[in-house]
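The values are calculated or read from the model by the stated rules, or taken from the named source; none is laboratory data. Please read all numbers here as calculations on a predicted model, not as lab measurements. Positions of Cβ are backbone-derived with ideal geometry, glycine not excepted, and every protein chain shown enters the neighbour counts.
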Amino acid sequence: MSQGHKSAEIESRSPRLLAYEAQKPFVSGPVHFVEWATVVAMLEAIAVPKGSRILDIGCGGGWTSLFLAEAGYSVTGYDLVPSNIELARRRADRWHHDVRFEVADMEDLPDGEAADAALVFEALHHSTRHRAALSAIRRRLREDGWLLLAEPTWLHRISPGAFAARRNLGWVERGFTARGLRRDLHDAGFREPRRFFQPTRPYERRWRGLAWQVVQLAAANAWVAPGGHLWLAAQRDRTPAG
C-alpha cells in the first residue's frame, strides 16, 4: 500500500480503541468460527502437520494467530500497525499462548527462518502492491511451503463498508477475482493454487434459512457471493519467480 494509506491505517488505531478491544474476546460471533473451520480444512487438505512453523501475515489483533497456536502450530504474526501488534501480544498473554508478534510491512518482510506455511487472512486487499507482498512472502517459505489466502471478492470494492473505510479512514479497500489472484500467485513464484469454499453460518428459520444458504453457496461456487471470500492455497514453486 502507499505510504499515505499506510499512515492512515496506523493512525486510525488509537490507544483508547486498543485498550477497549484488549478486554473483548478475540473472536466475536459465529462468522469467526466458520472462517476458522475453513482454515482448518485447508491445512488438513494440504497436509501441514501440527508443530509446523506458520507465519500469520497481516495478523491484525491476532485472533487467527491464537487459533493457529491453539491448533498446535508454531506461529509468528506480522502486522503493519504497532497497536495491532500490542493488542495481539496482550491477547496472547491473556490466553496463555506462546506466539511471537512483530511489526512488519507485508511488502517487505524481515529475514528469518524459512516457514512451512503462511496465512494471509483479509490483509492483502489493503495493499496497493499486493504482488510485491506475495513475492516477499514466498521468500520466507521453505521449498514446497504453502501460502493460504482468504481475501474479499471484487464485490468488496463497491460495498458500503469498503466505501466508508476509504472515505472515513483513508484505508485501501480492494477486492480480487479468482483469475487475477491465480495470475498474481503464478507471477510471484507459486504453483497453480487449489481453491476452497467457505461453509455457511448457522441458521434458525428452517426453510427460509436453508434457501438463503443454498443461494449463497451456489453463488459462491458459480460466481461470487456478497461478503464471501476467495480461499486459495498455493505451494511455493521450486523454480525462481519470474
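Just checking, does the stretch 24-38 include any residue being assigned to a helix (DSSP H, G or I), small (Gly, Ala, Ser) and either under 20 Å from Ala104 (Cβ atoms) or modelled with pLDDT of 95 or more (or both)?
From the stretch 24-38, those assigned to a helix (DSSP H, G or I) are 30-38; that's our starting set.
Still in the list and also small (Gly, Ala, Ser): 37.
From the residues that got through so far, the ones that are either under 20 Å from Ala104 (Cβ atoms) or modelled with pLDDT of 95 or more (or both) too are none.
No, the stretch 24-38 contains no residue that is assigned to a helix (DSSP H, G or I), small (Gly, Ala, Ser) and either under 20 Å from Ala104 (Cβ atoms) or modelled with pLDDT of 95 or more (or both).
Within the stretch 76-109, how many residues are of a type outside the set (Asp, Glu), outside any loop (DSSP other than H, G, I, E, B), out of contact with any strand residue (DSSP E or B) (no Cβ under 6 Å at 6 or more places or on another chain) and surrounded by fewer than 23 Cβ atoms within 10 Å (Cβ to Cβ)? Can you show your working first?
Restricting attention to the stretch 76-109, the residues satisfying the condition of being of a type outside the set (Asp, Glu) are 76-78, 80-85, 87-92, 94-97, 99-101, 103-104, 106, 109.
Within this subset, residues satisfying the condition of being outside any loop (DSSP other than H, G, I, E, B) are 76-78, 82-85, 87-92, 94, 100-101, 103, 106.
From the residues that got through so far, the ones that are out of contact with any strand residue (DSSP E or B) (no Cβ under 6 Å at 6 or more places or on another chain) too are 83-84, 87, 90-92, 94, 103.
Pick out the ones that are also surrounded by fewer than 23 Cβ atoms within 10 Å (Cβ to Cβ) and you get 83, 90-92, 94, 103.
Residues meeting the conditions: 6.
For the stretch 163-191, which positions are closer than 28 Å to Thr239 by Cβ and in contact with a helix residue (DSSP H, G or I) (Cβ under 7 Å, 6 or more places away or on another chain)? If you could, list the steps in order and put the result at the bottom.
So in the stretch 163-191, the residues closer than 28 Å to Thr239 by Cβ come out as 176-191.
Those that are closer than 28 Å to Thr239 by Cβ and in contact with a helix residue (DSSP H, G or I) (Cβ under 7 Å, 6 or more places away or on another chain): Phe176, Thr177, Asp184, Leu185, Asp187, Ala188, Gly189, Phe190.
Which pairs do you get when a residue that is farther than 21 Å from Phe67 by Cβ, found in the stretch 109-132, comes within reach of a residue that is at pLDDT below 95 and in a loop (DSSP other than H, G, I, E, B), reach meaning Cβ atoms under 7 angstrom, with the pair 6+ apart or on two chains?
Ser127/Met1; Ser127/Val172; Thr128/Met1; Thr128/Ser2; Thr128/Val172; Arg129/Met1
Yes/no matrix, rows are residues, columns are (1) more than 16 Å from the chain's Cα centre (by Cα); (2) closer than 25 Å to Ala115 by Cα; (3) at pLDDT 75 or above:
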| residue | (1), (2), (3) |
| --- | --- |
| Trp171 | yes, no, no |
| Gly189 | yes, yes, yes |
| Arg206 | yes, no, yes |
| Leu217 | yes, no, no |
| Val224 | yes, no, no |
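Within the stretch 110-153, work out how many residues are crowded, with 19+ Cβ neighbours inside 10 Å, not hydroxyl-bearing (Ser, Thr, Tyr) and not in a strand (DSSP E or B). Working first, answer last.
Taking the stretch 110-153 first, the residues crowded, with 19+ Cβ neighbours inside 10 Å are 115, 117-121, 123-127, 130, 133-134, 136-138, 140-141, 145-153.
Next, from what is left, pick out any that are not hydroxyl-bearing (Ser, Thr, Tyr): 115, 117-121, 123-126, 130, 133-134, 136-138, 140-141, 145-152.
So of that shortlist, the ones also not in a strand (DSSP E or B) come out as 123-126, 130, 133-134, 136-138, 140.
Qualifying residue count, the stretch 110-153: 11.
Can you find a residue that is at pLDDT 90 or above, more than 22 Å from Gly112 (Cα to Cα), touching a helix residue (DSSP H, G or I) at 6+ places or on another chain (Cβ under 8 Å) and surrounded by fewer than 21 Cβ atoms within 10 Å (Cβ to Cβ) anywhere in the stretch 43-60?
no
Considering only residues that are surrounded by fewer than 13 Cβ atoms within 10 Å (Cβ to Cβ) and touching a Phe, Trp or Tyr at 6+ places or on another chain (Cβ under 9 Å), which ones fall in the stretch 206-220?
Step one: filter the stretch 206-220 for residues surrounded by fewer than 13 Cβ atoms within 10 Å (Cβ to Cβ), giving 206-208, 210-211, 214-215, 218.
Hit for the stretch 206-220 is Leu210, nothing else.
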